[in-house]
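Trainee: Pasting in a structure now, in structure tokens, and then I'll have a few things to ask.
The values are calculated or read from the model by the stated rules, or taken from the named source; none is laboratory data. It should be emphasised that the depicted structure is a prediction, and the values quoted were computed from it without experimental measurement. Cβ: placed from backbone, ideal geometry, glycine included. Neighbour counts: every protein chain shown. Areas reflect the complete protein model, heavy atoms only, side chains present, ligands, DNA and RNA absent. Shrake-Rupley method; radii C 1.70, N 1.55, O 1.52, S 1.80 Å.
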Amino acid sequence: MPPAPRQQAQFSVGFIRDLFAYCTALGHSSAALCQAAGVSPELLAQPEALISNDVAAAAWRSARQATGDPYLGLHLATAVHPSSLGLLGYAMLSSATFGQALERLIRFWRLKGDGSALTLERSGPEARLKIQPLASPANYLFEERHPLECSLAAARTLCQHLTGQALPALRVAIAYPPPPDVREYQRAFGCTPQFQAPENEIVFPLAALAWPILLADSTLLANFESELERRLRATQGSLLDQVREQLALQLRGEVPTLESIARQLKRSDRSLQRELNQAGTSFLALRDELRRDLALEHLRNPSHTIGDIAFLLGFAEASVFHRSFRKWTGTTPQAYRASLGL
């Protein structure tokens, strides 16, 4: 049998600490939640640390089981405060405008783990804040809707804390299937989201980016930003890590190219390929490695058809995916899935 997928996504302990704090405020035992999730209580005192995908998934699973709340992510968003983000949150509180606060959130989001990416787009009179799970071989965000729904709804909560004004949602898109009852979504966003959408995003008036922050302090901001920059440099890792991260970001139904990755890493195509060769690998080898690991992971989910997986991995046809999978593993996608008892 082919080896199990590797390379789990990582997530901030701070997110789990806030999740358990919310549940505790509802009357649930923090110790029981920790035990059910296999999380050390001491770990919650290190909110800037990172935990593995499996631990984060177990934490959300224990919280859902304890609360029985089918809208846990939306409800948790109401308790989010900029301070929940630690030093990054204080930098947002010290920014001049809501737009600058969001730009800092996006720039330093990598400090909160590598399981998702935040982007902000401006289009005419509208702004679009997007959050997408990254294509890591083990990333529970592809199956667990609550964390990403919490992030989308928290954009409105954070805006209220930062500016004193409610952020109007013009439209909301959510990649997950529609729930039986959408009323909680209407309450959380002020509109009915589009479900099973290509992306997770909240669209709001562009003018909101210019709203002033109530507690803006340029002196404090300089200190906070200096420390955040230092931490970001410490997490950037090797060139191989950076290439893998960019591949994971771009591999969503399209095949990343050497040119597109080099552009993101501010290198020439030739320079990137030479550095990878010096590291004992190549761009094509790294891309194939990620596609292989993702294929193994997706095949463990019976809700994904072989055709779906082929599309997600950027194959033009399922037959091409079959040939590549056999080359990687010595077996077919169907045989591998059957060996798992699925």
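Trainee: Looking at segment 154-174 only, could you name the residues that are touching a strand residue (DSSP E or B) at 6+ places or on another chain (Cβ under 8 Å) and either open to solvent by less than 40 Å² (accessible area, probe 1.4 Å) or of a type outside the set (K, R) (or both)?
Mentor: A155, T163, L167, P168, A169, L170, V172, A173, I174
Trainee: Identify, please: which residue in segment 226-244 is over 23 Å from F283 (Cα atoms) and open to solvent by 60 Å² or more (accessible area, probe 1.4 Å) and is, among those, modelled with the highest pLDDT?
Mentor: Here the residue is S226.
Trainee: How many residues are under 8 Å from the mean Cα position of the chain (by Cα) and not polar (S, T, N, Q) if we restrict to segment 114-135?
Mentor: 7
Trainee: Also: Quickly run through segment 13-37 and pick out the residues that are open to solvent by 50 Å² or more (accessible area, probe 1.4 Å) and more than 20 Å from the chain's Cα centre (by Cα).
Mentor: A21, T24, A25, L26, G27, H28, S29, A31, A32, Q35, A36
Trainee: Within the group L290, L342, which residue is part of a helix (DSSP H, G or I) and in contact (Cβ under 8 Å) with a residue 12 or more places away in the chain?
Mentor: The conditions single out L290.
Trainee: Right, something else. Looking at segment 187-216, which of its residues are among the β-branched types (V, I, T), farther than 16 Å from T163 by Cβ and assigned to a strand (DSSP E or B)?
Mentor: Within segment 187-216, just V203 meets the criteria.
Trainee: Does L249 qualify as being open to solvent by 40 Å² or more (accessible area, probe 1.4 Å), over 21 Å from S94 (Cα atoms) and not basic (K, R)?
Mentor: In short, yes.
Trainee: May I ask you to say which residue of A91, A25, A63, A9 is out of contact with any helix residue (DSSP H, G or I) (no Cβ under 8 Å at 6 or more places or on another chain) and among the aliphatic types (A, V, I, L, M)?
Mentor: A25
Trainee: Looking at segment 295-315, is at least one residue more than 21 Å from V243 (Cα to Cα), in a helix (DSSP H, G or I) and open to solvent by 60 Å² or more (accessible area, probe 1.4 Å)?
Mentor: yes
Trainee: Inside segment 187-206, can you point out the residues that are over 17 Å from E121 (Cβ atoms) and more than 23 Å from the chain's Cα centre (by Cα)?
Mentor: Answer for segment 187-206, where residues must be over 17 Å from E121 (Cβ atoms) and more than 23 Å from the chain's Cα centre (by Cα): R187, G190, C191.
Trainee: State which residue is most open to solvent (accessible area, probe 1.4 Å) when the search covers only segment 38-55 and only residues that are touching a Cys at 6+ places or on another chain (Cβ under 9 Å) and not hydrophobic (A, V, I, L, M, F, W, C).
Mentor: P41
Trainee: Could you list all residues from segment 116-143 that are of a type in the set (D, E) and either closer than 14 Å to I106 by Cα or open to solvent by less than 20 Å² (accessible area, probe 1.4 Å) (or both)?
Mentor: Answer for segment 116-143, where residues must be of a type in the set (D, E) and either closer than 14 Å to I106 by Cα or open to solvent by less than 20 Å² (accessible area, probe 1.4 Å) (or both): just E121.
Trainee: Something else about it: For segment 185-230, name all the residues that are among the small types (G, A, S) and without any contact (Cβ under 8 Å) to a residue 40 or more places away in the chain.
Mentor: Result: G190, A197, A222, S226.
Trainee: Here is a further query. Count, please, the residues in segment 40-60 that happen to be farther than 20 Å from L85 by Cβ and free of Cβ contacts under 8 Å to residues at least 40 places away in the same chain.
Mentor: Total meeting the criteria: 4.
Trainee: Starting from segment 105-127, keep only residues that are at positive phi, then list their pairs with residues that are open to solvent by 30 Å² or more (accessible area, probe 1.4 Å) whose Cβ atoms are within a distance under 6 Å, requiring at least 6 positions of separation or different chains.
Mentor: Every condition considered, the pairs that remain are G113/Q10; G113/L50.
Trainee: So, in segment 318-339, exactly how many residues are within 19 Å of D288 (Cα to Cα) and either in a helix (DSSP H, G or I) or in contact with a helix residue (DSSP H, G or I) (Cβ under 7 Å, 6 or more places away or on another chain) (or both)?
Mentor: Total satisfying the criteria: 15.
Trainee: Same structure, new question: Could you pull out every one of the helices (runs of 4 or more DSSP H) wholly within segment 64-166 that has 3 or more residues that are of a type in the set (S, T, N, Q)?
Mentor: Answer list for segment 64-166: 146-163.
Trainee: Across segment 179-195, what is the number of residues that are more than 14 Å from A77 (Cβ to Cβ) and touching a Leu at 6+ places or on another chain (Cβ under 7 Å)?
Mentor: Residues in segment 179-195 being more than 14 Å from A77 (Cβ to Cβ) and touching a Leu at 6+ places or on another chain (Cβ under 7 Å): 0 in total.
Trainee: Here is a further query. Which ones in segment 254-272 are within 19 Å of F315 (Cα to Cα) and open to solvent by less than 20 Å² (accessible area, probe 1.4 Å)?
Mentor: P256, S260, I261
Trainee: Oh, and also: Given the criteria part of a helix (DSSP H, G or I), open to solvent by less than 40 Å² (accessible area, probe 1.4 Å) and modelled with pLDDT of 95 or more, does E184 qualify?
Mentor: no
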